[in-house]
1. Yes or no: GLU127 in the same structural domain as MET49 (by TED's automatic domain parsing) and either more than 30 Å from GLY31 (Cα to Cα) or among the charged types (D, E, K, R) (or both)?
2. Quick check on this structure: which one of GLU68, GLU44 is of a type in the set (Asp, Glu), modelled with pLDDT under 80 and not assigned by TED's automatic domain parsing to the domain that holds VAL195?
3. I'd like the full set of residues that are surrounded by fewer than 18 Cβ atoms within 10 Å (Cβ to Cβ) and either without any contact (Cβ under 8 Å) to a residue 24 or more places away in the chain or under 15 Å from CYS121 (Cα atoms) (or both), limited to the range 164-173.
4. Can you name the number of the only condition in (1) modelled with pLDDT of 50 or more; (2) within 23 Å of the chain's Cα centre (by Cα) that SER37 fails?
5. Quick one: how many residues across the range 91-119 are modelled with pLDDT under 75, of a type outside the set (Val, Ile, Thr) and buried (at least 17 other Cβ atoms within 10 Å of the Cβ)?
6. Restricting the search to the range 127-155, which residues are under 13 Å from LEU199 (Cβ atoms) and outside any strand (DSSP E or B)?
7. Would you be able to tell me the number of residues in the range 156-184 that are assigned to a helix (DSSP H, G or I) and among the charged types (D, E, K, R)?
8. When the residues of the range 54-63 are narrowed to those that are out of contact with any Phe, Trp or Tyr (no Cβ under 7 Å at 6 or more places or on another chain) and either surrounded by 13 or more Cβ atoms within 10 Å (Cβ to Cβ) or modelled with pLDDT of 90 or more (or both), which ends up nearest to VAL34 (Cα to Cα)?
Amino acid sequence: MKKMNLMIGLLIAAFMLPVGVSAQTVDDQTGKKVKVSGVIIDVETQKPMPRFNLRVKSVENEVRTNDEGKFSFEGYVGDTIRIMDLAYGCLEIPVVTGEEPMTIQIGKSVIPSFPGGMQMCVKFLAENLKYPEEAQKERVQGRVLVKFVVDKDGTLSDIEVIKHVHPALDAEAVRVVKLMPKWIPATVGGKPVRVRYTLPLNFKF
C-alpha cells in the first residue's frame with residue numbers, strides 16, 4: 001500500500017454549552033420577533049462582564065454589554081447569540097424566548113485534547129490511518145473534515161463527516177476517529193464541558 005502524507009489540524013468547533021445554561025428546544029414560535037435581554041456572568045467570580053461583545057445572527061452590528069454586564073437587542077426566536085473570545089472560547093446560545101431575561105455564565109475555557117497532545121495525536125493517526133486502495137486507484141486525494149463530540153469524561157461520540165471527499169476516504173477518517181482513546185475533555189471555568197470538535201484529515205499522495 002502506498003505510503004501517504006498526512007497533515008492534521010485541530011480546530012475548536014463552534015459549540016460549547018456554557019456552564020449554567022441548559023440545552024433548550026426552540027418551540028414553534030421560531031422566527032417571531034422579540035426583544036431579548038440578559039446578563040453575562042463570569043462563572044468563577046460570579047461578577048457581571050461589562051463591555052463584553054456578542055454577535056447575534058440577525059443583528060448586523062455587535063451587541064455589547066453595559067457597565068452592569070447587561071445586554072438587550074431586538075431579534076427573533078431561534079436566533080443565535082455567539083461569544084467568541086480568546087480567553088473564554090467559542091459559545092453559541094439559542095434564543096428560545098424573549099419573555100424572560102437570560103443569564104449566561106461563562107468561564108475561561110480550555111479546548112479538548114488528545115492524550116499526550118498534538119504530537120501523540122499525529123503518531124496515533126500515522127500508525128492507524130490507511131489510504132484505501134480504491135481511492136489510490138482513482139488517484140483521489142483531499143481533506144476530510146470529521147466532527148465529533150468530546151463528552152465530559154473524554155468519550156468521543158456523534159462522529160460524522162461534514163466535508164466529504166470520497167466515500168472510501170470518508171469511511172476511513174470515521175473509522176480511525178472511532179479507534180481513538182478518550183480525550184482530555186474541554187473545561188469552562190475549571191469544569192469539564194461537552195463540546196463539538198472538528199478534525200481535518202488530509203489524504204495526499
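The values are calculated or read from the model by the stated rules, or taken from the named source; none is laboratory data. In this text the structure is predicted, and so the values were computed from the model without any measurement. With ideal geometry, Cβ positions are generated from the backbone for all residues, glycine too; neighbour counts draw on all protein chains shown.
1. On the way: in the same structural domain as MET49 (by TED's automatic domain parsing): no; either more than 30 Å from GLY31 (Cα to Cα) or among the charged types (D, E, K, R) (or both): yes.
No.
2. GLU44
3. Applying the first criterion (surrounded by fewer than 18 Cβ atoms within 10 Å (Cβ to Cβ)) to the range 164-173 yields 164, 166-167, 171.
If the condition is that a residue be surrounded by fewer than 18 Cβ atoms within 10 Å (Cβ to Cβ) and either without any contact (Cβ under 8 Å) to a residue 24 or more places away in the chain or under 15 Å from CYS121 (Cα atoms) (or both), then HIS164, PRO167 are the ones that fit.
4. Condition (2) is where SER37 drops out.
5. Final tally of qualifying residues: 4.
6. LEU129
7. So the count comes out to 4.
8. For the range 54-63, the residue satisfying everything is LYS57.
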